[in-house]
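Every number in this text was worked out from the coordinates using simple rules, so none of it is lab data. Note that the coordinates shown come from a computational prediction; the quantities given were computed from them, not determined experimentally. Methodologically, a virtual Cβ is constructed for each residue, glycine included, from the backbone with ideal geometry; neighbour enumeration extends over all protein chains shown.
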Amino acid sequence: MDFKILTDIHFGFIFLFLCISVFISLLFYKNKNISTSLKTLFITLRSIWIFLILILLANPVLAFIKSSSSPPANLVLFDISASNLVDSKDKFSENLFNELKSSDAVIKFFSSDVFTGTDSIYFSGINNFKTNLSSSLENIFSSEDNNFSSVTIVSDGIINSGGNPVFKAKSFGIPFNYILTGDTIQKNDLSLLNVYYNKTSYAGTLTPIKLEIFSSGYTGNIDIKIFENDNLLETKTIEVNPDKNIYQSEFKITSPEEGIKKYKIELEQKDDEIILLNNSETFFIKYLDNKFRLLVISGAPSNDLGFLKSELSKINNFEVTYLTQKSATEYYEKELPDLSKINCFLLLGFPTAVSNVNLINDINRYVRDNKASVFYITSRTIDYTKLSLLEPILPFRVSQPSDIEEITTVNSVGNSNTDIFSTPEILTPVNSLPSIFKTATYFIPSGSSETFLITGSGSQPAFLIKRDDVSNSAALLVYGFYKWKLNPSGLDGGKIFNYIISNAIFSISDKEKQKKILLSTEKPVYSKFEDIKTEATINFDNIPPETFVNLNIKGSNYNDNIRLSKKSNNFYDGFLSSLSDGEYLLTGELFNGQELLDKDEIKILIGENNFEFKETKSDLKYLKELAENTGGRNFTGLEASEIISEVSKSENKTSEEISKSFKNALNINPFYFIFLIILMGTEWFLRKRNNLP
């Protein structure tokens with residue numbers, strides 16, 4: 001072990017500190033009437049403790065350094081992910097492990113991370129339900145003792161997490177060999193490869209569930225069933241043949257009430273399948289209250305307001321409240337509703353010159369803080385000065401405001417966003433509807449806005465939608481649309497207007513975004529061996545410092561709660577483990593002190609996680625690419641002794657000197673200060689014994 005003192009102060013200053021200490025001590029005891037031996041003792045004590053105080057100015061660090069030699073080793077990485085349980089691949093790996101463990105090879109396991117080798121290749125408690133080779137290599141080679149001359153990977157090659165590890169492996173400059181476990185010939189199997197669905201939907205609306213199905217070795221009809229809370233909902237049939245492997249199918253489901261529903265997709269099972277665990281998948285969908293609380297604020301009674309009321313009454317999902325301005329503080333409906341409960345504000349010819357600025361500011365605040373949306377419809381009597389207060393949350397800005405009225409037609413721009421307008425061709429007939437009105441005001445769309453309708457005169461934006469992190473909003477920049485219901489050409493103008501209004505409001509009114517807390521997990525189904533990471537995202541600004549999140553976990557005969565760890569102002573997380581099989585309700589509660597601000601719920605299932613069984617055929621792709629790019633070889637089929645012999649031949653690295661150090665800064669070392677106090681106390685005590693001041 002070597003001992004070193006590391007400091008940024010030059011040695012000359014150390015010598016200077018020593019001289020200063022001795023000089024001060026000699027000067028202090030120069031005229032003291034004591035014996036020469038006592039004077040020498042006092043000068044020595046004082047010089048030492050003054051020197052020790054001065055030396056602290058150098059911020060010295062004591063470093064204990066231990067050096068050792070690390071000979072190069074051959075690393076063998078065993079894949080212990082669950083896919084190796086298919087076709088008894090784990091038995092081959094276990095036998096090879098037992099043969100290799102008595103050799104000089106360094107043995108580690110990998111799936112998601114790296115684990116130290118033990119006497120058994122499988123042991124409980126490992127999260128082995130995904131395969132991330134990149135993460136394993138990063139963990140190994142970031143450790144201090146990593147002098148490897150080769151890496152041999154024992155795996156079925158099914159790498160389903162972390163991406164391609166080739167680039168990382170090439171940076172180590174050593175050969176990567178591989179031993180492929182299992183068969184690359186696909187055996188008879190039916191597999192539910194992917195299920196695509198929205199985690200949230202609205203009660204009463206149809207939700208599509210899209211399926212991707214794998215079939216190998218079968219001909220004929222395959223039944224697909226969907227269950228809701230273990231009750232069969234529907235059965236569909238697809239026809240498969242040996243010439244094609246991938247098939248698509250789709251279910252459309254709904255729920256009449258809000259809540260969290262469990263669904264299971266199940267493929268028909270065949271007796272000769274290589275594994276049955278990949279024939280089904282379970283997931284949850286949260287159904288939200290489908291009632292949109294819509295507040296219509298009108299600057300004055302009008303024909304447009306009457307037409308709008310008529311069409312909104314036809315939409316079952318809308319719970320509409322009307323507020324028609326009578327004066328600055330009065331409304332024909334008398335009562336101002338609770339604005340904090342509103343999902344969407346529809347402003348029709350509002351604000352006007354007499355509109356209350358406080359109401360405008362409240363709308364602005366609730367759109368920002370509560371993630372509500374706003375739908376603006378213009379008129380000739382708009383007060384553009386007051387409208388400018390809402391400009392940051394609108395899909396446009398005003399240039400050259402004017403109340404000059406013009407007649408215009410409205411035209412569709414085509415190529416509509418199908419996420420908003422599922423049947424975009426319904427917008428096309430708007431070109432044939434009667435002319436309506438616009439002002440000479442020049443409207444400029446904001447950067448993230450999308451224009452769907454334009455005016456016939458001047459091709460100015462007539463209808464546009466904005467969806468971004470600031471706000472979701474829409475605007476109809478024409479008026480007099482009541483004339484559309486009087487259309488003499490036979491077109492149903494009311495139906496077209498209804499389609500525009502309803503789809504726009506649905507697209508900008510994301511009720512989930514209005515929640516102050518959103519709870520999530522990585523997936524809906526976990527094995528009992530896996531840790532479950534639960535995340536909570538806080539979905540509003542100006543979060544008080546006293547906020548915290550409690551997580552309640554409820555299952556059959558289980559009830560517990562934990563406090564999630566705060567990672568940032570808007571993000572919390574926590575881990576659950578050792579949950580037994582069953583269904584669990586997780587409730588995240590956001591508190592500000594004792595006040596419950598909001599809560600969110602999700603469900604998870606502890607059972608059979610089949611993610612690793614989606615693919616059953618061993619895959620050479622990644623392993624072969626690793627070997628070809630690093631100068632490695634294919635050791636598949638070799639005995640353990642042959643493998644050790646082959647990797648030993650390719651050793652081209654020498655032993656590395658490895659130094660480990662322990663550093664301690666003196667300015668935070670308690671023993672240093674104790675020694676300093678003892679020296680000062682000893683001098684003081686001896687001076688008092690000899691009657692010195």
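Work out from phi, with θ = phi - 60° and the Karplus expression 6.51 cos²θ - 1.76 cosθ + 1.60, the ³J(HN,Hα) of each residue of segment 282-296, listed in order in whole Hz, and give x for Gly and Pro.
Once θ is set to phi - 60°, the couplings for segment 282-296 become 10, 7, 10, 10, 8, 9, 9, 4, 8, 7, 8, 7, 10, 10, 9 Hz.
If the viscosity is 1.567 mPa s and the temperature 4 °C, what Stokes-Einstein diffusion coefficient in µm²/s follows for segment 292-512 when Rh is the Kirkwood radius over Cα pairs?
For these conditions, the coefficient is 75 µm²/s.
Please list the non-local residues whose amide H lies under 5 Å from the amide H of residue 571, H modeled 1.01 Å from N, same-chain partners needing a gap of 5 or more.
So residue 571 has HN proximity to 538.
Write down the percent of antiparallel bridges among all DSSP beta bridges whose residues are both part of segment 279-377, to the nearest 5.
Numbers: 1 of 18 bridges.
Close to 5 percent.
Given the options 670, 190, 607, identify the residue whose Cα lies farthest towards the positive end of the charge dipole of the chain (+1 on Cβ of Lys, Arg; -1 on Cβ of Asp, Glu).
It is 670, whose Cα lies furthest towards the positive end.
List, in order, the whole-Hz ³J(HN,Hα) value for each residue of segment 677-687 obtained from phi through the Karplus relation with A = 6.51, B = -1.76, C = 1.60 and θ = phi - 60°; use x for Gly and Pro.
Karplus-based 3J(HN,Hα) across segment 677-687 equals 5, 4, 4, 5, x, 4, 4, 4, 4, 5, 5 Hz.
Using the Kirkwood radius built from alpha carbon pairs, what does the Stokes-Einstein equation give as D for segment 276-381 at 10 °C and 1.306 mPa s, in µm² per second?
Details: Rh = 15.5 Å.
D = 102 µm²/s.
Hey, what D do you get for segment 515-606 in µm²/s if you plug the Kirkwood alpha-carbon radius into Stokes-Einstein at 37 °C and 0.692 mPa s? Write out the running numbers ahead of the final one.
Numbers: Rh = 13.4 Å.
Using the Kirkwood radius from Cα pairs, D works out to 245 µm²/s.
Using only helices, what value at 222 nm comes out for the chain when you add -39,500 (n - 2.57) per DSSP H run of length 4 or more and divide by the total residues, to the nearest 500 deg cm²/dmol?
So the calculated ellipticity at 222 nm is -6500 deg cm²/dmol.
If Rh is defined by the Kirkwood formula over all Cα pairs and Rg also comes from Cα, what ratio Rg/Rh do you get for segment 189-289?
1.01
Using DSSP, restrict attention to beta bridges with both residues in the chain and report what percent are antiparallel, rounded to the nearest 5.
If I count the DSSP bridges inside the chain, around 75 percent turn out antiparallel.
Using alpha carbon coordinates only, what is the Rg to Rh ratio of segment 164-216, with Rh defined as the Kirkwood radius?
Dividing the radius of gyration by the Kirkwood radius yields 1.26.
Kirkwood Rh and Cα-based Rg: tell me the resulting Rg over Rh for the chain, rounded to two decimals.
Checking Rg against Rh, the ratio lands at 1.14.
Considering amide H positions built from the backbone, and no H for Pro or chain starts, which residues 5 or more places from residue 200, or on another chain, come under 5 Å of its amide H?
Distant-sequence amide H within range of residue 200: 286.
Give me the net charge of residue 305's neighbourhood, meaning all other residues with Cβ under 13 Å from the Cβ of residue 305; Lys, Arg count +1, Asp, Glu -1. Intermediate values should be presented prior to the final figure.
On the way: positive: 309; negative: 304, 311, 333.
Spelling it out: positives minus negatives among the neighbours equals -2.
Normalised by the residues of the chain, what does the relative contact order come to in percent, with Cα pairs under 8 Å and at least six apart?
That works out to 15 percent.
Hey, what did segment 237-377 get for relative contact order, percent, Cα under 8 Å, at least 6 apart? Please list the in-between numbers first.
Numbers: 177 pairs, mean separation 28.3, N = 141.
It rounds to 20 percent for segment 237-377.
Please determine, in degrees from 0 to 90 and to the nearest 10, the orientation of helix 36-55 with respect to the longest principal axis defined by the Cα atoms of the chain, where the helix direction is its Cα long axis.
Once rounded, one gets 30 degrees.
Please report, in whole Å, how far the alpha carbons of segment 348-396 spread along each principal axis, starting with the longest.
29, 21, 15
Per q in 0.13, 0.23, 0.26, 0.27 Å⁻¹, report the Debye log10 I(q)/I(0) for segment 429-491, using one uniform scatterer on each alpha carbon and no solvent.
The Debye formula, applied to the Cα set alone, gives -0.40, -0.99, -1.14, -1.18.
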